[in-house]
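The values are calculated or read from the model by the stated rules, or taken from the named source; none is laboratory data. The model shown is predicted, which means the values in this text are computed figures rather than measured ones. As a convention, Cβ positions derive from the backbone with ideal geometry for all residues, glycine included, and neighbour counts pool all protein chains shown. We work out accessible area using only protein heavy atoms, side chains counted, and drop any ligands, DNA or RNA first. Shrake-Rupley method; radii C 1.70, N 1.55, O 1.52, S 1.80 Å.
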Amino acid sequence: MPDEALDFEDTAELDPSPRIVGQDIALRAIRQAVEMESPGYNLFVTGLDSGGRLRTAQRILADLAPRRRQRRDFAYVHDFDDPSRPRLLILPAGAAPRFSRELQDLADLLFDEVPRILQSEPVRKRRDGLYHELERKQREALAGLQRELEEEGFVLVDQGEGDEVEPTVMLLVDEEPHPRAELGILERDGKLDRPAAEIEARFDVLEDRLAETLVRARAAVLEVSREVREVERVAVGAGLADTFRDLGRRFPRARRWLEALHAHIADHHEVFRSGGRDEAPPEALLPLQVNVLHRGARGRKAPIVAVPDPTYGNLFGGIAQEPPGGAPANHTHLRAGALHDADGGYLVLNAADLLMEPGAWKTLKRAMLYGKLGLQNLEGAIQGAAAALRPEPMPLDVKVVLLGDDALFALLYATDPDFPSIFKIKAEFEPTVDYRPELPRQVGEVLARLARREGFRPLHRGAVAAIVEWAVRTSGRGGRVRLAFGEMADLAREADYLARGERVTREDVAAALAAREERHGHFARRTRDALKRDILHVATEGAVIGQINALAVYHAGGHEWGRPLRVTASVGTGRGGVVNIEREARLSGRVHDKGVQVLTGFLRGRFGRRRTLALTASIAVEQHYGRIDGDSASSAELYALLSAIARVPLRQDRAVTGSVDQFGTIQPIGGVNEKVEGFFRLCADRGLSGEQGVLIPTRNVEDLCLAEDVVAACREGRFHVWPVATVEEGLRLLTGVEPGEAEAETWPEDTIYGRVLAALADLEQVVRRATRGEKNGGNGSAEESDAKKPAAGRKKAPAKRKKAPAGKA
């Protein structure tokens, strides 16, 4: 591509606004997924560069400016009926943090307001009245018992200290109280006015009376305490009614829970009776704590949450574990995940990473199918372990965007019955697109954005053209461009690193590519050296029967290079057909096996219509000790086979690539540039003769995007690239002999096909003679066998028949 084809000087002139180039179909699919609100219209995206694909997907979604479907907050609060099942509050966006602050202010207010209410004049009077009435009743009960005791010579005496003081029945002797234990002493001293046994019996009766009186007194205390507590509960509830009514008015979605909180505080008002927040036990203040799990933005733009590490905890949150011996888990220990953060928007994940995480895929599917997400830890999701907390599930309104490849999409679609119902839209980013005149400028705009964002030099239009040429070449097909913007960006970065001027130039891009070749080309250099030194034997001059130079592409660590391979064929009698030696050695892939089988089909169709093919041929890729696959060498193998049959030598200064069908049509292959360059490097190392070159399929001509030195050598006539469409065209270039017409059934003897036909006829005769010999004992001809038989055993030769006259039978 000439630099002048670009209508700008460098990328500093271009608009760096982000755009997706050449992917209109994929963008329409994404827009449909964004705009459809029906269930299951989640998105699976294939074809994005693996590097930075999350960021790219985020940017694509942001460019579509999707509207937030939900604007709400999620908050968990204490459930007063069952604390193990925290209650979910769904509040308008931004309301949950305010609600949490209001409840913290309420806690401070309660430590001031509850004591004030309890010390108010009406409450104090009612409380004091209850206590005074209790004391009056207790005094009267004890006074009645005291009078009864005194009438019988007994008395009540308080014993104990502090709160442990209790009345005890004692005997009054000489105005002194004596306990039951001293009766024996008093009896011995003669101080009792009646028998000790009688006094013992009265002790039993009076102590029982005292116990009954004390039980009634304690019951009265409890009853009064309940009455006082009820008075205070009602007073606190009434005193806080306006406060809770105001909160309910400002947070209507929490009104029912606030009513329960109001009742709870009135029931447990003693927490706030004295002291302050710091003195109250933490569990007592737990109902006033709000766990704001998700804060929904008030704006209309939907959140787009990308998760590079989609572990179970990162996606779904869970329950924070308390240290051993700590307080049991409660609603404040609940933690949010990315799925909560994406409420009303989009969650972007790498599908392969998601599937690798235990429990993540199953939980995500369940949430998407049922539209609800419960909070639990990983062990609960996988093992079904009982959880200490079972929070109320929250509604889910998230579109999930999975990023992967076509193979993973096909696998999930075929093996997971839920997958088709929850991922109904697939967006395919094509790896290559048709070349359009505006595309170089669009690539320049993408690179301009990169240069400004990362602060490196602007790219001259020649550098942009070189990067586009690289994208065309690596697409493998003419008229197509490989839109690997991640790799384009890397190439631009590396060229900037090597640049010494104010701009990145075409030469800098070439230097970056050369540096890559040097970094990753260890195996290619070793192979090239082995070819140059003839350790790997490939001839580049002369002509040999049954030998040809095929071409292959090798891949190692992201680096691709082409190299010639020596293919040989040998032919003999027999009925074994064409034997693939690579297959016999288990070094051949299925596609290569198929290519070899096609050769048998060609021979049968071209030469076997009137005769049986009686040959055994073997084909081998010499000095190749690894696995080989693909059918791009099948035309070379066919040329070698025909050469071996016809005994016509093939030129060794020419190499061949292309697959062939059973009708002799040369079919296109991949890696044509690397293959041509691989043979060119070998010829250049040995010296270009002007006769060397490569035969390629005609339909690969438009795919050529060769290195500059190869193009220059071809332009100067020092190297050649010949397009061929049929086997016949290839044979002419490789042998200089006319092959013969493809559709004929017989050919002149001086053509290749004529020679093949004659050779096949000779092989057939040999096989027939050998077959007859085997039938007759395997010793010589049939006549020799008959001659060796005894006369009695030989058949008599039939008499010659006389020729009948005309008109007679």
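Diffusion coefficient of the stretch 435-507 by Stokes-Einstein, Kirkwood radius over Cα pairs, 37 °C, 0.692 mPa s: 269 µm²/s. The calculated FRET efficiency for Ala197 paired with Glu164, based on their beta-carbon distance and R0 = 25 Å, is about 0.20. Note that the chain, at 10 °C in a medium of 1.306 mPa s, gets a Stokes-Einstein diffusion coefficient of 43 µm²/s from its Kirkwood radius over C-alpha pairs. For the stretch 157-197, applying the loop criterion from DSSP together with a ceiling of 11 other beta carbons within 10 Å to the trypsin sites (Lys or Arg not before Pro) yields no site.
For the set Glu741, Glu677, Glu148, the ranking by accessible area, highest first and with no ligand, DNA or RNA atoms included, is Glu741, Glu148, Glu677 under a 1.4 Å probe. Dimensions of the stretch 1-146 from C-alpha coordinates, computed as largest minus smallest value along each principal axis and given longest first, are 124, 37, 25 Å. Prolate is the label for the stretch 62-201, because a/c, from the alpha-carbon gyration tensor with a ≥ b ≥ c as root eigenvalues, is 1.5 or above and a/b exceeds b/c. The peptide list 595-603, 562-570, 461-469, put in order of mean Cβ contacts within 10 Å with the highest first, becomes 461-469, 562-570, 595-603.
Note on Ala744/Arg516: beta-carbon distance plugged into 1/(1 + (r/R0)^6) with R0 of 51 Å gives a FRET efficiency of 0.50. Axis angle, to the nearest 10 degrees, between helix 590-607 and the longest C-alpha principal axis of the chain: 30 degrees. Remark: the stretch 346-353, residue by residue, has Karplus-estimated 3J(HN,Hα) of 9, 10, 10, 9, 7, 4, 5, 5 Hz, where x stands for each Gly or Pro and the curve is 6.51 cos²θ - 1.76 cosθ + 1.60 at θ = phi - 60°.
Taking the inverse of the mean reciprocal distance over all distinct Cα pairs, the Kirkwood hydrodynamic radius of the stretch 580-694 comes to 15.4 Å. Accessible-area rank, largest first, for Ser84, Ser274, Ser643: Ser274, Ser84, Ser643, with all protein chains present and a 1.4 angstrom probe. Once you sort the root eigenvalues of the Cα gyration tensor of the stretch 595-642 as a ≥ b ≥ c, which label holds: rounded (a/c under 1.5), prolate (a/b larger than b/c) or oblate (the other case)? Prolate. Just the Cα atoms of the stretch 552-613, one point each, no solvent: what log10 I(q)/I(0) does Debye give at q = 0.12, 0.19, 0.20, 0.21 Å⁻¹? Values, matching the q order: -0.44, -0.89, -0.95, -1.01. P(r) tail for the stretch 1-48, what percent of Cα pairs lie past 15 Å? Across the stretch 1-48, Cα pairs with separations above 15 Å total 64 percent. Rounded to two decimals, the Cα radius of gyration of the stretch 20-71 over 2.2 N^0.38 Å is 1.18. Each Lys or Arg adds one and each Asp or Glu subtracts one; over the other residues with Cβ under 15 Å from the Cβ of Asp406, this totals -2. Based on alpha-carbon atoms, the Kirkwood radius and the radius of gyration of the stretch 249-289 give Rg/Rh equal to 1.03. Loop-located trypsin sites (Lys or Arg not before Pro) in the stretch 131-171 (DSSP state not H, G, I, E or B) with no more than 15 neighbouring Cβ atoms inside 10 Å do not occur. Its Cα gyration tensor gives the stretch 150-258 an equivalent ellipsoid. The semi-axes, each the square root of 5 times an eigenvalue, are 58, 12, 10 Å from largest down. In terms of overall dimensions, the C-alpha atoms belonging to the stretch 58-105 reach 46, 25, 15 Å along their principal axes, ordered largest to smallest. Quick check on the stretch 644-745: take the gyration tensor over C-alpha atoms, sort the square-rooted eigenvalues as a ≥ b ≥ c, and tell me if it's rounded (a/c under 1.5), prolate or oblate. Since a/c reaches 1.5 but b/c is at least a/b, the shape of the stretch 644-745 is classed as oblate.
Per the Debye calculation on the stretch 410-470 with a single equal scatterer at every Cα and no solvent contribution, log₁₀ I(q)/I(0) for q = 0.14, 0.15, 0.30 Å⁻¹ amounts to -0.61, -0.64, -1.26. Translational diffusion of the stretch 347-446 was estimated from the Stokes-Einstein equation, with Rh taken as the Kirkwood radius over Cα pairs; at 20 °C and 1.002 mPa s the coefficient is 130 µm²/s. Look at where the Cα atoms of the stretch 397-440 and of the stretch 77-99 average out, and the two centres are 39 Å apart.
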